[in-house]
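Before any comments, here is the structure.
The values are calculated or read from the model by the stated rules, or taken from the named source; none is laboratory data. Predicted model, so just to flag it, every value in this text is computed and none were measured. We place every Cβ from the backbone using ideal geometry, glycine too, and count neighbours over all the protein chains shown. When the accessible area is computed, the model is the full protein with side chains, heavy atoms only, and any ligands, DNA or RNA have been set aside. Shrake-Rupley method; radii C 1.70, N 1.55, O 1.52, S 1.80 Å.
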Amino acid sequence: MSKPNNLWQCYQEAEFLFTQALSSELTFAIVTAHNPNGQILSACQNRLLDRQLQLKIEQLNRPYRSMVGASVDRCHMEKSWAISIDKASAIRLGWQFNQNAIYFVEHDKLQLIPCLLSKTEEQEEIVIGPFSPRVCIVSELPDCEE
């Protein structure tokens, strides 16, 4: 099954756009609702899912921030959320929104964690490396139109 493996590789190369720098001491998850199951949806469908995710995040009563996950060439971008929650809660949130994976950052260490992908597809939690070099500070988050 090449598609999940190709996606898995893309996930490992992502960069993250924020409007403010984050402390390297923070522990948080990065979750999106865009393009569930790796299927590209329309901008309207993604906005609706993103709003549903934001409402779920607000119910958690934890600090969060809007941000964008992007490919290095910026050809693919997904509105995402940095949320101050534990890893298990983040995985559940990713699973609820049919995401293949979520990111988890702890002590500036970026981890890629599968949500929907099963062990039979040979995707396991991996440490990608330092998070801060993958952060780009922008004055305004780009519109994530597909």
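Among 129-142, 17-30, how do they line up by average Cβ neighbours within 10 Å per residue, starting with the highest?
17-30, 129-142
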Expressed as a percent, the accessible surface of the chain that is carbon or sulfur, using a 1.4 Å probe and the full set of protein chains, is 51 percent
Quick one: if the Förster radius is 25 Å, what FRET efficiency do SER89 and GLU13 give, using the C-beta to C-beta distance and rounding to 0.05?
0.45
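When the helix-only estimate is applied to the chain (DSSP H runs of n ≥ 4, each -39,500 (n - 2.57), divided by the residue count), what is the mean residue ellipticity at 222 nm, nearest 500 deg cm²/dmol?
It lands at -8500 deg cm²/dmol.
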Rounded to whole Å and sorted largest first, list the principal axis extents of the Cα atoms in the range 37-116.
31, 28, 23
Counting heavy atoms of the protein chains only and a 1.4 Å probe, report the per residue accessible area for the chain as a whole number of Å².
54 Å²
Given (1) 15.4, 56; (2) 16.7, 50; (3) 14.0, 42 as candidate values of Rg and Dmax of the Cα atoms in Å, which corresponds to the one derived from the coordinates?
(3)
Using a 10 Å cut-off on Cβ atoms, rank the peptides 102-114, 84-96 from the highest mean neighbour count down.
102-114, 84-96
For the range 97-108, take each phi angle, set θ = phi - 60°, evaluate the Karplus expression 6.51 cos²θ - 1.76 cosθ + 1.60, and give the result in whole Hz per residue in order, putting x for glycine and proline.
9, 6, 8, 5, 7, 10, 9, 9, 10, 9, 6, 6
Report the equivalent ellipsoid semi-axes for the range 8-53 in whole Å, largest first, defined as the square roots of five times the eigenvalues of the gyration tensor built from alpha carbon atoms.
23, 15, 10
